């Protein structure tokens with residue numbers, strides 16, 4: 001999948017962001033736990049900027065080199081509070097304080113290497129999101145992927161939490177709905 005994405009990742013970020021916007025218009029979430037794209041992940045910058053412009057709260061992951069884990073940090077000003085960090089991924093600057101608890105009305109925007117329509121997610125192998133989910137289990141999890149990243153089956157571990165939705169450039173999948 002990594003090689004396939006490297007060679008063929010779509011560039012229709014706007015269509016994906018529009019689908020995400022339509023889905024979240026129905027949600028009364030106080031917090032959005034987003035991500036800043038790395039390599040061929042779908043870019044959500046336009047969506048996240050719009051979220052902030054509506055005076056809504058945005059949390060982004062930041063790598064903590066002491067604990068070797070990601071933590072969540074609230075960002076209020078995109079331009080002054082984000083810079084390249086661990087792995088070269090843009091993340092909140094070090095001087096910002098990590099949060100300790102997320103409100104129940106949060107939505108997670110979750111990248112991954114592959115997903116299934118039933119909500120199983122395959123990450124990049126380091127378990128960073130699994131540990132964040134364990135620490136902050138509240139909210140709806142929305143997998144963000146290109147259509148080409150949807151597979152019929154992927155391995156699942158007992159600690160893997162399923163996505164509630166998957167949003168791609170061509171569709172939105174409700175993973176909680178029974179398949180027909």
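What follows draws every value from the coordinates through simple rules; no lab data is involved. Values in this document were obtained by computation on a predicted structure and should not be read as measured data. Positions of Cβ are generated from backbone atoms using ideal geometry, with glycine treated the same way; all protein chains shown enter the neighbour counts.
Taking label positions 7 Å along the Cα-Cβ direction at both residue 66 and residue 148, the computed distance is 4.2 nm, reported to one decimal. Among beta bridges from DSSP that stay inside segment 1-157, the antiparallel ones total about 55%.
Straightening the chain between residue 171 and residue 28 buys 49.4 nm, computed as 0.36 nm per residue apart minus the Cα-Cα spacing. Annotation: for a label point projected 7 angstrom from Cα along Cα→Cβ of residue 157, residues of segment 107-141 with backbone N closer than 14 Å are 121-135. Here the Gaussian network model covers the chain, with springs between Cα atoms less than 10 Å apart; of 60, 23, 109, 23 fluctuates the most. Each listed q (0.15, 0.23 Å⁻¹) maps to a log10 I(q)/I(0) for segment 33-150, found by the Debye formula over equal Cα scatterers with no solvent: -0.66, -1.68.
In segment 16-72, the alpha-carbon atoms span a convex hull of 93 Å³ per residue.
Three principal axis extents of segment 136-180 based on alpha-carbon atoms, in descending order, are 29, 23, 22 Å.
With neighbour counts taken as other beta-carbon atoms within 10 Å, the residues 63, 115, 47 rank, fewest first, as 63, 47, 115. The angle between the Cα long axis of helix 13-24 and the longest principal axis of the Cα atoms of the chain comes to about 80 degrees, rounded to the nearest 10.
Across segment 2-174, the mean sequence separation of Cα contacts (distance under 8 Å, 6 or more residues apart), normalised by length, yields a relative contact order of 22 percent. Applying 0.36 nm per residue to the separation of residue 77 and residue 99 and subtracting their alpha-carbon distance, the gain on full extension is 6.3 nm.
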